[in-house]
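Inspection log for the structure reproduced underneath, given as structure tokens.
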Amino acid sequence: MTALVWFRRDLRLHDNPALSAAQAEHEQLIPVFCLDERLLAGAHRSIPRTAFMHGCLRELNDDLRALGSRLIVRSARPEVALPQLAEETGADTVLAAADVSPFARRRDRATAAALDERGVRLRLLPGCFAVDDLGPIMSGAGTPYTVFTPFYKRWLQAPRRTVYGAPRQLPVVPAEIESAALPEPLGAPPSSGFAPGEAAGRERMLQFVETGSQGYAQNHDLVAEHGTSGLSPYLHFGCVSARELESLLPDTDDAAAARRQLCWRDFYAHVLLHHPGNAHHEQQERLRRRIKWNRSMSLFDAWREGRTGYPLVDAGMRELAATGYMHNRSRLVVGSFLVKDMGIDWRWGERWFMRMLLDGDEANNNGNWQWIASVGVDPQPPSRRMFNPTLQQRRFDPDGRYVRLHVPELRNVPDEYLAEPWTMPDEIQRRSGCIIGKDYPAPVLDHAQARLEAIARYAEAVQREA
Ligand SMILES: Cc1cc2nc3c(=O)[nH]c(=O)nc-3n(C[C@H](O)[C@H](O)[C@H](O)COP(=O)(O)OP(=O)(O)OC[C@H]3O[C@@H](n4cnc5c(N)ncnc54)[C@H](O)[C@@H]3O)c2cc1C
């Protein structure tokens, strides 16, 4: 019998449960990917991420060809494309990796129904997360988790499946089955260090588990160090398997700290699975639709373009534009600055990140934006997640390497002024070629004042009727 292996964001051959099941249980298998306009041009559209994905698809096709197969690409919604392809090939089963976002689940229901009308079954297998099934992980009270640490303890105990190898050979896909041309991977960010595809992802993963994770616990917050795995784009598109990555991590404290971060990924997937409404509104009812946001486009533009006058914020935003990536510590600082200091709706930041990030991922992005906005799961008082950008810079970019790399106009500013360049005496501004207000912006706001306003804004929201 024939199976279609429907690739979505599991663009790899290693540890791919859908591919392995198809190979074990079917004589013929047809790998397929649907270019779906709703994803490519919808609310979460992103030129850099799409370019990365096209690169991954090309690699996947090359890898499949090396094993005797090839990738069939269809430019249509899967609920239209897959029943058609099943008819063309006589397939009775479609295998895919289960996903959690509201869109993915709606799409899968529609596709399953369309396939069902033709007697074809859609079978969803694991493959996107470290733990196979995030749905049934429940607290003692039988409810989904909304606090990270108890989830983490339970997650550590959850069973793990065997890691699958890559197939050695695959059946030939008949020549008469047509495929749309694979799009050119155009629009990568100017300085992206992320080569798309499984080979580049695996190389990075193996380097991380062999040596790269050493020092992770101590260095992962230092923005100028390459102290983290840099695997997030590969995990998002499934060029590497979270399950395999976890299985390869050594038994060290550093690796345990990295494993805990991987758990955050599963946690936010668990949260979105059980709270699909979070995609649009605040998880916390007492704050839902009650915060009076600032709608200033000039502040938002200064944030997006890295012109706030706060060097760490500007460095993070410019890193994002140049590379399609931003260090986690910078994401926290720029997120706090947008939502707390500027008082701008977290959804504006969420949308901008989705447009720019190679790893842009609805569950992770939404969960983290709600976290930093103090409106989501794992609640804490708003002032606990309000970062002072000057202190954060001194702590996490102590020698200014990161700021100087991404904000070149500050390159010659002496260390003692780098976190607060507006305090430079005129003479030093002239000598370092950085006149505040001309070469580099004066701060768009005063952090101490903005902090008080943010506390008042949240306090007022709690009092307000919805
Ligand atoms: C406002 C904001 C938005 C974010 N948006 C995204 C997003 O769209 N996509 C995304 O993958 N991550 C997002 N993150 C989480 C985190 O910043 C990135 O996963 C991390 O920086 C990726 O770098 P790395 O692979 O080197 O991470 P490492 O430190 O090496 O961690 C390993 C893996 O663990 C996972 N991980 C680590 N931290 C987190 C976290 N806080 N939440 C969820 N998963 C985590 C990622 O898959 C990561 O690749 C966001 C964080 C913030 C504060």
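The values are calculated or read from the model by the stated rules, or taken from the named source; none is laboratory data. Worth saying up front: this structure is predicted, and the values here are computed from it rather than measured. Neighbour counts run over all protein chains shown; Cβ positions are idealised from the backbone, glycine included.
The table that follows gives values for the structure above.
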{"read-out": "Hey, ASP62 within 24 Å of PHE194 (Cα to Cα) and outside the structural domain of PHE353 (by TED's automatic domain parsing) or not", "value": "yes"}
{"read-out": "Residue list for region 91-139, restricted to those being assigned by TED's automatic domain parsing to the domain that holds ALA269 and farther than 21 Å from ARG12 by Cβ", "value": "GLY135, PRO136, ILE137, MET138, SER139"}
{"read-out": "Checking PHE194 against (1) in a loop (DSSP other than H, G, I, E, B); (2) at pLDDT below 95; (3) not aliphatic (A, V, I, L, M), the condition it does not meet", "value": "(2)"}
{"read-out": "Filter result (more than 8 Å from the ligand (Cβ to nearest atom), part of a helix (DSSP H, G or I) and closer than 16 Å to HIS327 by Cα) within region 353-368", "value": "MET356"}
{"read-out": "Tabulated pairs, region 335-364, first at positive phi, second more than 7 Å from the ligand (Cβ to nearest atom), C-beta under 8 angstrom, 6+ apart or interchain", "value": "GLY343/TRP293; GLY343/ASN294; GLY343/ALA450; GLY343/GLU453; GLY343/ALA454; GLY343/ARG457"}
{"read-out": "Index of the failed condition, GLY127 passing every other in (1) out of contact with any Pro (no Cβ under 7 Å at 6 or more places or on another chain); (2) at positive phi", "value": "(1)"}
{"read-out": "Qualifying residue in region 326-342 (condition: part of a loop (DSSP other than H, G, I, E, B) and over 20 Å from the mean Cα position of the chain (by Cα))", "value": "yes"}
{"read-out": "Single unsatisfied condition, ASP266 versus (1) buried (at least 24 other Cβ atoms within 10 Å of the Cβ); (2) under 30 Å from ASP133 (Cβ atoms); (3) not small (Gly, Ala, Ser)", "value": "(1)"}
{"read-out": "Selected residue (criterion: nearest to ALA242 (Cα to Cα)) from residues of region 157-176 that are among the aliphatic types (A, V, I, L, M) and free of Cβ contacts under 8 Å to residues at least 40 places away in the same chain", "value": "ALA158"}
{"read-out": "Subset of region 192-207 (residues that are without any contact (Cβ under 8 Å) to a residue 24 or more places away in the chain and either in contact with a Pro (Cβ under 7 Å, 6 or more places away or on another chain) or within 18 Å of LEU262 (Cβ to Cβ) (or both))", "value": "GLN207"}
{"read-out": "Residue identified as part of a helix (DSSP H, G or I) and within 12 Å of the ligand (Cβ to nearest atom) among GLU427, GLU350, GLU416, GLU409", "value": "GLU350"}
{"read-out": "Exclusive hit being under 18 Å from the mean Cα position of the chain (by Cα) and modelled with pLDDT of 95 or more, set ARG49, ARG58, ARG74", "value": "ARG49"}
{"read-out": "Yes/no for LEU182 being within 12 Å of the ligand (Cβ to nearest atom) and surrounded by 15 or more Cβ atoms within 10 Å (Cβ to Cβ)", "value": "no"}
{"read-out": "Meets criteria (hydroxyl-bearing (Ser, Thr, Tyr), closer than 17 Å to ALA130 by Cβ and away from the ligand (no atom under 14 Å from the Cβ)) for SER247", "value": "yes"}
{"read-out": "Among (1) outside any helix (DSSP H, G or I); (2) closer than 30 Å to ILE455 by Cα; (3) of a type outside the set (Asp, Glu) - the single one HIS226 does not satisfy", "value": "(2)"}
{"read-out": "Meets criteria (of a type outside the set (A, V, I, L, M, F, W, C), more than 9 Å from the ligand (Cβ to nearest atom) and either surrounded by 19 or more Cβ atoms within 10 Å (Cβ to Cβ) or under 30 Å from TYR234 (Cβ atoms) (or both)) for ARG318", "value": "yes"}
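Condition check ((1) more than 12 Å from the ligand (Cβ to nearest atom); (2) within 30 Å of TYR402 (Cα to Cα); (3) in contact with a Cys (Cβ under 6 Å, 6 or more places away or on another chain)) across all residues:
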| site | (1), (2), (3) |
| --- | --- |
| GLU225 | no, yes, no |
| SER229 | no, yes, no |
| ASP254 | no, yes, no |
| ALA257 | no, yes, no |
| ARG260 | no, yes, no |
| CYS263 | no, yes, no |
| ARG289 | yes, no, no |
| TRP293 | yes, no, no |
| LEU299 | yes, yes, no |
